[in-house]
Amino acid sequence: MQRAGDRAALIRMLFLLGILLSGTLSSAMAQRATVRGFIMDDADGLPLQGVNVVLTDSTQGEVFLGRVTNDNGLFVFAQINPGTYLLRASFVGFLPHEETVQVQAGQIVTVNFSMSTSDALLDEVLIESARETGAARVTAGLQSVRPGDLELIPSPDITPDLATYITAMPGVVSTGDRGGQLFIRGGEPSHNLITLDGMSVYQPFHVLGFYSSFSADMLSKVDIHSGGYDSRFSGRLSSVIDVRSRNGNLRQHGGSISLSPFVSGVRLEGPIARDKFSVLGSFRHSMIDQIASQYIAQDLPYKFGDWFGKAYVQLTEANQITFTALHTFDRGALTNDNSDTEEEVQWKNTAMGGRWHLLPQNSSLLGEFYFSVSRLEMTQGNNMQTNRLSEIREFNAGINLTAFAGPSEINYGAYLKSTELNVELAGLYQSLENLTSRIPKFGSYIDPNIHVTPTFQIRPGITGLFFDDYGFFVEPRARIIWSKGQHQLTAAGGLFHQDLTGLNDRRDVTNVFTAWVEAPFDKLTRAWHAIAGYKIEPTNDIEISIEGFYKELYDLYISEWTALPVLSTNLQLADGRAKGIDFRIELRKPNLHAFITYGLTFIEYEATQESLLLWYGTDRLKFRPPHDRRHQINAVANTTLGEFDISIRWSLGSGLPYTQVRGFDRFILLDRGFDVREVPGDVRVIYDEPYGGELPYFHRLDISIDRTFELKKGTFSIQGGVINVYNRANIFSLDTFTLDRVDQLPIVPFVGLKLER
Amino acid sequence: MKRHASLLSRIGLYFCAALLTLSACTESVHPIIGDERPYTIYGFLDPTTSEQYLRVIPVSEDFNTVSSQDVDAQVHTVDLATDERVAWSKQRILFPDSTEGYVFAAQFTPIVARSYRLEVENSEGERVSAVTTVPPVISINRMASNSQLNPIFFIEADAFPNIVQADFVYEAVALQPSMSARANYTLEIPVSYRGTESPSDGGWRIQTRMQNDFEQVKEAFAGICIITDFLGLRSVNFEFFIGDDNWVPPGGEFVRDILLQPGSFSNVENGYGYFGSGYSVTFSIPLTSTERGLVGYALDPPCQAGPGFDPSVPECRELNACL
């Protein structure tokens, strides 16, 4: 009955939404006119993002309206008065473009053109392209990253990777050099929604912490929402990492080959049909076993790699189709156990999908139609057998529409998603031995971006989610941006639900195996986010931002406490809250690009296990979860000395909480009389208060030096560097029973080579 | 230029010094912080015997040697009515699972209704103590009943005793056809009647039902994936344990996952575990073959395990295929 009511509410909401939009848009279009177009880069035929486009009233010469091209190179001036305008497009480093546009009432005029670079302005291109992103350029929890930004951070690979950049952000805690687990502003790894061109990628971070499935070679832009994200995204509790890959060059063939002691890779791209159809493909494979392990004083039994492919079809500028595919694999053991029965974790991601961007000739709606299939298979076992398996398959299809109304736009859309889960856990998880389930869900959203004044934007959104098993949920969201001169104030907030749960025993950091299941107690995990930030640019080359966040988390699934010296995977519900402040300062001098970030975070969970009253005298036990890194500093600098490009990163993190042990004894259940000479009892751990201890601080210095040589056709780059310059023994894991300690990487020198065209 | 070079070399020097300092400060971690409580104790005084035993486990900071390390302890009991003090002597025990431990023994018969204080002290003067009052020895009798299969037991006492355990314990065997006799699986399956007492004239009675218990016995075998088509019964005992008044777990039930937490069920001051008093009463229930058959147990399995195994017998073929 409730279910039927939910369905009816959903249908009513969609119906009203349709009427509202069609009515508003049709009446508006009859009176006014639209000028729009796509801007392409003349060098490769691909869309140019971030171009400033201005319409000037040709009679009065005043700047009338300004826009910036989006990811598809699209600009739209909707609902303008009929008349004659001068359209001017400018982008630092490119020759400006000007043309006169005449538009009549009810008419949609499309102006497509290409822009070409000017060698004299090439340096400015680099500066300007970086300035649309930046370490201190955070807007209500959203930070955008371009491939150029990744080059700032030293890493043992000549092709930078997204993973090293993300771990330099305040509020992001990682498991370190190995494990590939990220905790963003209080959330767990399974609370992060990670998408590549709209396809879910469940475990994209490789087993060695420097690497993800996203190398700079294949990236166009990454939006990292560390909370308060807009209504397009749903189904995850904590954060969104929205990765968009670049398209292959439509005009020239190119490629690269790189070699380093950790990873080597190949990239190929080029047109199949000039200006119409291009492909881009890359492949990377770890070289740790073959090279790095030979000179590092530590066992690194890891294998990983990924391949990526993308086809881009540009039927017209207003009609683009892309197909993307990604496959990743990882394998490794994270403990010091070298026996035959040592357990290792393996995981494989596979994702494929297509997108069709369409801007119809006589419509002011921009449409995006997409579908994707994703799969993650994760196993844990030893040479003899697989002991645990978790498999997730997802099919996703949907539509995103954008209607332009003056300077504002209304984004709305809907999707259908089906997720199939399969776990085989050999009885390790409470009543979750072997499970297969399918979760169909439907979601729709409306997300208007309203420019109330030229300096004030508000983005109130709402998402409706319908789960076949759980019913109907509404998630209100909002983002506000106020900018004036050098100041910017931002805020965001909203409600978020998550239907899938990633079960993992966080008491053992070496255990990255995650079992994806439906909410075990039929309760969806949910969270409220609130973010407020302030940014200032006191001079042209300094940017400072400060942002506070608060997340209230409900119905998290965590392991029950047990005094047995084994990992407990019995589950209990917990609530939690994460709050903190991030501080960022960025300096951009002609020969020095540097930033410092500081994150202050407080995370608290409240467990609700029934026996807590007996054990601790309270029915709700508050504790710091093991990813509560209180202080975090990252200092990054990049400069050029002669022909050499030098990058330095120093990072510091306060110690993570862990549960200390008072001692060990044995336990005998006194439910009967017994002969003490016959009953040995079970070994028991006498734990101190949960997570009351703190591991030592983490800190490390990494340096890399690059030099690029221009060749007749292409470039040759060489990179050298050192990870953990002062050989700090940063702890990765500690077995509190055996005192077996595994440290992060020791001092590691490296050299990398890359040939590129 | 010269000044510039000197400045650079000075910066380089400071940098190297800073690196050396940072690399030197590797921090060790001490996850085991020790416990002020020196011992965990398990044992009880039994008024029905003159031999008393007590397990003393030092709280260890070494996971690998827990309970096998020597116990530095002097153990005494004091009769609180007479102040009589008894010294206990230490014995090293090899348990059936090949682990080692230390047990203390004393020769005396505790007196009903008397309170005794246990004192365990180490050479550093750290002391652990517990007090227990010995429960009265009550009379439990099997009543005459129409049905041998559903015997009734009568507890005769002025006040209801603290029945820690009232289990029908079935020693059952699942006959698995095989060439080897080792394929017979024997389990001891307790079925609890604790809490089923009902008041009767001058006491309490417990009604048992063996036919109902048979399903639980089958489930116990099925739970470890043993075929239960041919279940035999070797013996049945009704086992009682009467404990002192404090021998009551929090919540009234003995839930292992809850009681596992150190200190959750303990009367030991400055230590862990439980020192109580109590005694066992056991009844053996003789059943004829016919009675066993009436309950549901197999009498003469058509497929004989062990040397008599004959795969040509249809039942044996069928079972063999399942194994």
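What to note about this one:
- Against the criterion of being more than 7 Å from chain A (Cβ to nearest Cβ), surrounded by fewer than 11 Cβ atoms within 10 Å (Cβ to Cβ) and at pLDDT 65 or above, B:TYR39 does not qualify.
Residue by residue, here is whether (1) away from chain B (no Cβ under 13 Å); (2) in contact with a Pro (Cβ under 7 Å, 6 or more places away or on another chain); (3) under 30 Å from A:LYS523 (Cβ atoms); (4) surrounded by 17 or more Cβ atoms within 10 Å (Cβ to Cβ) holds:
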{"position": "A:ASN570", "(1), (2), (3), (4)": "no, no, yes, no"}
{"position": "A:GLU606", "(1), (2), (3), (4)": "yes, no, yes, yes"}
{"position": "A:LEU613", "(1), (2), (3), (4)": "no, no, yes, no"}
{"position": "A:ASP628", "(1), (2), (3), (4)": "yes, yes, yes, yes"}
{"position": "A:SER654", "(1), (2), (3), (4)": "no, no, no, yes"}
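- Test: residue in region B:229-247 that is more than 14 Å from A:LEU670 (Cα to Cα), of a type in the set (Phe, Trp, Tyr) and part of a loop (DSSP other than H, G, I, E, B): yes
- Checking every residue in region A:724-735 against the condition of being over 27 Å from the mean Cα position of the chain (by Cα), within 12 Å of chain B (Cβ to nearest Cβ) and outside any loop (DSSP other than H, G, I, E, B) gives at least one match.
- Some residue of region A:672-695 being modelled with pLDDT under 90, touching an Asp or Glu at 6+ places or on another chain (Cβ under 6 Å) and not charged (D, E, K, R): no
- Flag for A:LEU670 being among the hydrophobic types (A, V, I, L, M, F, W, C) and within 30 Å of A:GLU560 (Cβ to Cβ): yes
- Test: residue in region B:272-279 that is touching a residue at least 40 places away in the same chain (Cβ under 8 Å) and outside any strand (DSSP E or B): no
This table checks each residue for (1) out of contact with any helix residue (DSSP H, G or I) (no Cβ under 7 Å at 6 or more places or on another chain); (2) more than 7 Å from chain B (Cβ to nearest Cβ); (3) without any contact (Cβ under 8 Å) to a residue 60 or more places away in the chain; (4) among the hydrophobic types (A, V, I, L, M, F, W, C).
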| residue | (1), (2), (3), (4) |
| --- | --- |
| A:LEU669 | no, no, yes, yes |
| A:ARG672 | yes, no, yes, no |
| A:ARG684 | yes, no, no, no |
| A:PRO690 | yes, yes, no, no |
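Residue-by-condition table, conditions (1) at pLDDT below 85; (2) farther than 24 Å from B:PRO286 by Cβ; (3) assigned by TED's automatic domain parsing to the domain that holds B:VAL295:
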{"position": "B:ALA183", "(1), (2), (3)": "yes, yes, yes"}
{"position": "B:LEU187", "(1), (2), (3)": "no, no, yes"}
{"position": "B:SER198", "(1), (2), (3)": "no, yes, yes"}
{"position": "B:ILE226", "(1), (2), (3)": "yes, yes, yes"}
{"position": "B:PHE230", "(1), (2), (3)": "yes, no, yes"}
{"position": "B:PRO249", "(1), (2), (3)": "no, yes, no"}
{"position": "B:VAL255", "(1), (2), (3)": "no, yes, no"}
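- Criterion violated by A:TRP561 - all others in (1) of a type in the set (Phe, Trp, Tyr); (2) part of a strand (DSSP E or B); (3) more than 25 Å from the chain's Cα centre (by Cα) satisfied: (2)
- Filter result for A:VAL676 (more than 30 Å from A:PRO749 (Cα to Cα), in a strand (DSSP E or B), within 12 Å of chain B (Cβ to nearest Cβ) and among the β-branched types (Val, Ile, Thr)): no
- Search result, residues across region B:76-97 that are touching a strand residue (DSSP E or B) at 6+ places or on another chain (Cβ under 6 Å) and either facing chain A (nearest Cβ under 9 Å) or part of a loop (DSSP other than H, G, I, E, B) (or both): B:LEU80, B:GLN91, B:ILE93
Residues are listed down the side, and each one gets a yes or a no for (1) closer than 30 Å to A:LEU612 by Cα; (2) within 14 Å of another protein chain (Cβ to nearest Cβ); (3) outside any strand (DSSP E or B):
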{"position": "A:HIS699", "(1), (2), (3)": "no, yes, no"}
{"position": "A:ARG707", "(1), (2), (3)": "no, no, no"}
{"position": "A:SER717", "(1), (2), (3)": "no, no, no"}
{"position": "A:LEU739", "(1), (2), (3)": "yes, yes, yes"}
{"position": "A:VAL751", "(1), (2), (3)": "no, no, no"}
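- Failed criterion for A:GLY721 (all others in (1) crowded, with 19+ Cβ neighbours inside 10 Å; (2) under 26 Å from A:HIS627 (Cβ atoms) hold): (2)
Listed here are the residues, each with its yes/no results for (1) at pLDDT 95 or above; (2) part of a loop (DSSP other than H, G, I, E, B); (3) farther than 25 Å from A:PRO460 by Cα.
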residue: A:SER190; (1), (2), (3): no, no, yes
residue: A:THR195; (1), (2), (3): yes, no, no
residue: A:PHE210; (1), (2), (3): no, yes, yes
residue: A:SER234; (1), (2), (3): no, yes, no
residue: A:VAL243; (1), (2), (3): yes, no, no
residue: A:ARG267; (1), (2), (3): yes, no, yes
residue: A:ASP275; (1), (2), (3): no, yes, yes
residue: A:SER282; (1), (2), (3): yes, no, yes
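- For B:VAL103, the requirement of being closer than 30 Å to B:GLU219 by Cα and either without any contact (Cβ under 8 Å) to a residue 24 or more places away in the chain or within 14 Å of chain A (Cβ to nearest Cβ) (or both) is not met.
- All positions within region B:246-260 that are under 27 Å from B:SER115 (Cα atoms), at the interface with chain A (Cβ under 7 Å from one of its Cβ atoms) and surrounded by fewer than 18 Cβ atoms within 10 Å (Cβ to Cβ): B:PRO250
- Test for A:PHE513: is it modelled with pLDDT of 95 or more, more than 14 Å from every other protein chain (Cβ to nearest Cβ) and buried (at least 22 other Cβ atoms within 10 Å of the Cβ): no
- Some residue of region B:171-180 being within 14 Å of chain A (Cβ to nearest Cβ) and either part of a loop (DSSP other than H, G, I, E, B) or at pLDDT 85 or above (or both): no
- Members of region B:194-231 found to be of a type in the set (Asp, Glu), within 24 Å of the chain's Cα centre (by Cα) and more than 11 Å from B:GLY296 (Cβ to Cβ), listed by number: B:GLU197, B:GLU219
- Lone unmet requirement of (1) of a type outside the set (Ser, Thr, Tyr); (2) in contact (Cβ under 8 Å) with a residue 24 or more places away in the chain; (3) surrounded by fewer than 17 Cβ atoms within 10 Å (Cβ to Cβ); (4) not assigned by TED's automatic domain parsing to the domain that holds A:THR601 for A:ILE705: (4)
- Qualifying residue in region B:61-75 (condition: under 12 Å from B:VAL103 (Cα atoms), within 9 Å of chain A (Cβ to nearest Cβ), at pLDDT below 95 and out of contact with any Pro (no Cβ under 6 Å at 6 or more places or on another chain)): yes
The values are calculated or read from the model by the stated rules, or taken from the named source; none is laboratory data. Just so it is clear, the model here is predicted, and its values are computed rather than measured. Ideal geometry is used to build each Cβ from the backbone, glycine not excepted, and the neighbour counts take in all protein chains shown.
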